[in-house]
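Visitor: One structure, pasted below without further comment.
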Amino acid sequence: MIDLSEVLISLRPSNDWIITENILTWEDDISLKPTEIEIEAKRVELQNALPMKILREKRNIKLNDTDKYTSIPDWPHTTVEIKQSWLDYREALRNLPSNSSPQLDDNGELTNVNWPIPPS
């Protein structure tokens, strides 16, 4: 779930404000304060983008984990086929955002993503 602070950081990153118990106190030029309609529209936009953001974060962790041992040109893979399987896996991870339509379930867990299986 996107909270008010995330919305304000996205809408007005350089303005001064405080949120106490979910009540916004604007401490900047009042003419710069976003309207409730702007806030809600941005909240919906950020909420709709959240599944893809989470997918990319998890995908990047998987890519970083494999960077350590599969992408070094002189890493001693036991066969050319195994090396290629790691290259294919990493390519599938990189393509995941364009090949997926991620969603969040009621618990905020990512669904509707077919994660590639790493080579054994």
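Visitor: Mind counting the residues in region 100-115 that are in contact with a helix residue (DSSP H, G or I) (Cβ under 8 Å, 6 or more places away or on another chain) and outside any loop (DSSP other than H, G, I, E, B)?
Guide: 3
Visitor: Conditions: (1) assigned to a helix (DSSP H, G or I); (2) farther than 30 Å from residue 13 by Cα. Residue 118 meets all but one. Number of the miss?
Guide: (1)
Visitor: Then there's this: Looking at (1) assigned to a helix (DSSP H, G or I); (2) surrounded by 11 or more Cβ atoms within 10 Å (Cβ to Cβ); (3) more than 14 Å from the chain's Cα centre (by Cα), find the lone condition where residue 54 falls short.
Guide: For residue 54, the exception is condition (3).
Visitor: Does region 23-39 contain any residue that is of a type in the set (Asp, Glu), closer than 30 Å to residue 118 by Cβ and out of contact with any Lys or Arg (no Cβ under 6 Å at 6 or more places or on another chain)? Give the derivation first.
Guide: So the first thing to find is which residues in region 23-39 are of a type in the set (Asp, Glu), and the list is 27-29, 36, 38.
Adding the requirement that they be closer than 30 Å to residue 118 by Cβ leaves none.
The answer is no; no qualifying residue exists.
Visitor: Which one of the conditions (1) without any contact (Cβ under 8 Å) to a residue 12 or more places away in the chain; (2) within 30 Å of residue 14 (Cα to Cα); (3) hydrophobic (A, V, I, L, M, F, W, C) does residue 80 fail to meet, given that it meets all the rest?
Guide: Checking residue 80 against (1) without any contact (Cβ under 8 Å) to a residue 12 or more places away in the chain; (2) within 30 Å of residue 14 (Cα to Cα); (3) hydrophobic (A, V, I, L, M, F, W, C), the one that fails is (2).
Visitor: Any residue in region 68-84 that is loosely packed, with under 15 Cβ neighbours inside 10 Å, of a type in the set (Phe, Trp, Tyr) and assigned to a helix (DSSP H, G or I)?
Guide: Taking every residue of region 68-84 in turn, at least one turns out to be loosely packed, with under 15 Cβ neighbours inside 10 Å, of a type in the set (Phe, Trp, Tyr) and assigned to a helix (DSSP H, G or I).
Visitor: Just the residues that are part of a helix (DSSP H, G or I) and either among the aromatic types (Phe, Trp, Tyr) or surrounded by fewer than 12 Cβ atoms within 10 Å (Cβ to Cβ) (or both), please, taken from region 1-40. Steps first, answer last, please.
Guide: Of region 1-40, the ones part of a helix (DSSP H, G or I) are 4-11, 30-32, 36-40.
Within region 1-40, 30, 31, 36, 37 qualify.
Visitor: A further question follows. Report every pair of residues separated by at least 6 positions or lying on different chains whose Cβ atoms are under 7 Å apart, first residue within region 85-108 and of a type in the set (S, T, N, Q), second buried (at least 16 other Cβ atoms within 10 Å of the Cβ).
Guide: Pairs that qualify, where the first residue is of a type in the set (S, T, N, Q) and the partner is buried (at least 16 other Cβ atoms within 10 Å of the Cβ), are 85/119; 100/55; 100/113; 103/51.
Each value in this text was obtained by applying a stated rule to the coordinates, not by laboratory testing. Note that the structure is predicted; figures quoted are calculated from it, not measured. Reconstructed Cβ throughout: ideal geometry from the backbone, glycine too, with neighbour counts over all protein chains shown.
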